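Trainee: First, the structure itself, so that you have it in front of you.
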Amino acid sequence: MKNIYRLLTGTMILLIGFHDLNVNACTPSLPSPHSPLFQIFPATNLTVWNLDCMDAYLVWDQPKNYSGTKPLGLIGYRIYCNGLLIHYVSDPDSLFYLDFNDIFGSYIDSLTAYYDLTVFGYPGQFAESAAISASYSWDCSSVLPFFEPWDNDSFNYQDWVFSPSQGNWMLNTTIGDPLPAVSFTGTPVLTNYSFELRSTSLNGIPLLCANIYLEFDSRITVNNPTSQEKLIIELSYDNIWYKKDSLVNRTSSGWTHHIIDISEASGNDLRVGFRATGKNSADLGEWDIDNIRVYAVCYKPPDFNLKSTGNVVTLSWQRSCTETGFKTPRNVTSELMGYNVYRTNADSLPPYSKLTRTPIPETTYNDSLPLTNGTYCYYVSAVYQDTVNPGVILCESGSDTLCIHYTGIQEKNESQIRIYPNPVAEVVNIGSDIPFTGIEILDFLGVKVYSKSFSETTHLSVSVTGLPSGNYFLRIQSSKGMIVQKILVDR
């Protein structure tokens, strides 16, 4: 019979319908199920080795027929990742493949043996065997905080990758804030280009009770200010990339500091990316990037209040990060461990002394002041631990600061003074229930950066445009004594 063949070993050909037969949908159909056919042998023993946080090394054994030799018609292998064809190995004797995937998650790699049916009398027709599979996952996230100053002069040191390739990204030892930095240069000239520098995965999963921020410094030199060349800052979580900001080649600039809130990624593995894109890179000198930081700021205790009776100060606050505060329902991997209470000496200036030996679970605290008259300032921090590793502290929050002026009798507390807006970008307003005659602004180390005396007033506006962003102490001199408040300059 014309279409009946034997395998090399003389084994009779099996009928169609054998369970290992799988015809590729992109090739012509095999003849009727009533026609005599042959067996399509699958490969065996697929194994996946994780070489590092990006590479999976696949190895397998070659298909064998009943006599233990390579089957007729075998021409290669098809490799699938989560059901999608990602590669064809065209050599039947090549039994390995390096799978690179820069998106973190869980995967199933599958492999089929691919056959040319010409040798069996079906020229132009192909078939693939049943699949063999192996699962694996990327779980190589770096912990926060993350900092990249490029001091190691390597993209590999902290597992940076490129998409779709490196393009004109380079390490630059001639520029930096301080040296070195990373640059995307305008040469060699590229047109209609898009090349992204991507961080490794950063572990934000335990940080449900925190805001997350990206900071970096950038610099640009412009050859032709077309506004067509851009540096797009992107954020990835849930395997989706989102645009967060965009810098444009309008004019050359020195080093500029950027702070971007990326808190929507809390509770996830996250990544940051810098995408250089444009029409003609010749219009760009270079983009320079340095001092990349990703860090978390845990939620502080809300509604912090202070009351006093004699020398006994009662602090109270609300519980931090309740379930209703989560952005989306998810398994909780961080939990509140408790609260720490801190206080200054009578001069109201840092350093703060820790009053609690270990974090306390209560939301109130009573403190007996020393008999020394003066101004005492307090703050209360929330401490969070990892539920996967109990006792491992994820972070300790900041806090509002409240102060009391103690002179042996009960004083009005912080309600005497109203500071707004706070945070402040340009002008801070001070309102008071009682007249005051002077103010001082000190930085967080206690260095005086501004002072002014005046006639009694209950309202004053002060420009802070000359102060760098950061936390400051505002000391207000009134007829009742010195009152201290904390302000945040943020622009």
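The values are calculated or read from the model by the stated rules, or taken from the named source; none is laboratory data. Everything quoted here is computed from the prediction, not taken from an experiment. We place every Cβ from the backbone using ideal geometry, glycine too, and count neighbours over all the protein chains shown.
Trainee: Considering only segment 272-296, state which residues are crowded, with 21+ Cβ neighbours inside 10 Å and not in a strand (DSSP E or B).
Mentor: The answer is 281, and nothing else.
Trainee: Which one is modelled with the highest pLDDT among residues in segment 379-398 that are surrounded by fewer than 17 Cβ atoms within 10 Å (Cβ to Cβ) and among the β-branched types (Val, Ile, Thr)?
Mentor: Ranking the qualifying residues of segment 379-398, first place goes to 393.
Trainee: What number of residues in segment 49-66 are at pLDDT 70 or above, surrounded by fewer than 18 Cβ atoms within 10 Å (Cβ to Cβ) and more than 18 Å from residue 93 (Cβ to Cβ)?
Mentor: Residues in segment 49-66 being at pLDDT 70 or above, surrounded by fewer than 18 Cβ atoms within 10 Å (Cβ to Cβ) and more than 18 Å from residue 93 (Cβ to Cβ): 4 in total.
Trainee: Are there any pairs, at least 6 apart or on different chains, whose C-beta atoms fall under 7 Å, with the first in segment 337-358 and under 27 Å from residue 321 (Cα atoms) and of a type in the set (A, V, I, L, M) and the second modelled with pLDDT of 90 or more and part of a loop (DSSP other than H, G, I, E, B), and if so, which?
Mentor: 337/359; 341/355; 341/356
Trainee: Which residues, taken from segment 244-271, are assigned to a strand (DSSP E or B) and more than 17 Å from the chain's Cα centre (by Cα)?
Mentor: 246, 247, 248, 253, 254, 255, 256, 257
Trainee: Then there is this: What's the total number of residues in segment 120-153 that are farther than 29 Å from residue 47 by Cα and in a loop (DSSP other than H, G, I, E, B)?
Mentor: Adding up the residues that qualify gives 12.
Trainee: Taking residue 383 as the residue in question, decide whether it is in contact with an Asp or Glu (Cβ under 9 Å, 6 or more places away or on another chain), touching a residue at least 12 places away in the same chain (Cβ under 8 Å) and not assigned by TED's automatic domain parsing to the domain that holds residue 344.
Mentor: no
Trainee: Sticking with this one: For segment 376-409, give me each residue that is more than 29 Å from the chain's Cα centre (by Cα), β-branched (Val, Ile, Thr) and part of a loop (DSSP other than H, G, I, E, B).
Mentor: 401, 407, 409
Trainee: Given (1) within 12 Å of the chain's Cα centre (by Cα); (2) within 30 Å of residue 382 (Cα to Cα); (3) in a strand (DSSP E or B); (4) not polar (S, T, N, Q), identify the lone condition not met by residue 241.
Mentor: It is condition (2) that residue 241 fails.
Trainee: What number of residues in segment 194-216 are outside any loop (DSSP other than H, G, I, E, B) and in contact with an Asp or Glu (Cβ under 9 Å, 6 or more places away or on another chain)?
Mentor: Within segment 194-216, residues that are outside any loop (DSSP other than H, G, I, E, B) and in contact with an Asp or Glu (Cβ under 9 Å, 6 or more places away or on another chain) number 9.
Trainee: When you check residue 194 against the structure, is it under 19 Å from residue 161 (Cα atoms), at pLDDT below 95 and not acidic (Asp, Glu), yes or no?
Mentor: Answer is no for this residue.
Trainee: Do you know which residues across segment 242-263 are in contact (Cβ under 8 Å) with a residue 40 or more places away in the chain and more than 23 Å from residue 159 (Cβ to Cβ)?
Mentor: Hits for segment 242-263 are 247, 255, 257, 259, 261, 263.
Trainee: Quick one: residue 364 ticks every box in (1) surrounded by 14 or more Cβ atoms within 10 Å (Cβ to Cβ); (2) modelled with pLDDT of 95 or more; (3) assigned by TED's automatic domain parsing to the domain that holds residue 392 except a single one, so which number is it?
Mentor: Failed condition: (1).
Trainee: Can I ask one more? Please enumerate the residues belonging to segment 357-375 that are assigned to a loop (DSSP other than H, G, I, E, B) and either closer than 21 Å to residue 481 by Cβ or over 33 Å from the mean Cα position of the chain (by Cα) (or both).
Mentor: Those that are assigned to a loop (DSSP other than H, G, I, E, B) and either closer than 21 Å to residue 481 by Cβ or over 33 Å from the mean Cα position of the chain (by Cα) (or both): 369, 370, 371, 372, 373.
Trainee: Does any residue of segment 472-490 turn out to be hydrophobic (A, V, I, L, M, F, W, C) and assigned to a loop (DSSP other than H, G, I, E, B)?
Mentor: No, that holds for no residue.
Trainee: Filtering segment 101-118 down to residues that are more than 17 Å from residue 79 (Cβ to Cβ) and at pLDDT 90 or above, which residue is farthest from the chain's Cα centre (by Cα)?
Mentor: 118
Trainee: Pull up segment 417-448, narrow it to residues that are within 19 Å of residue 349 (Cβ to Cβ) and surrounded by fewer than 14 Cβ atoms within 10 Å (Cβ to Cβ), then point me to the one that is farthest from the chain's Cα centre (by Cα).
Mentor: So the residue we want is 448.
Trainee: Right, next: From the list 305, 291, pick out the single residue that is in the same structural domain as residue 396 (by TED's automatic domain parsing) and of a type outside the set (A, V, I, L, M).
Mentor: 305
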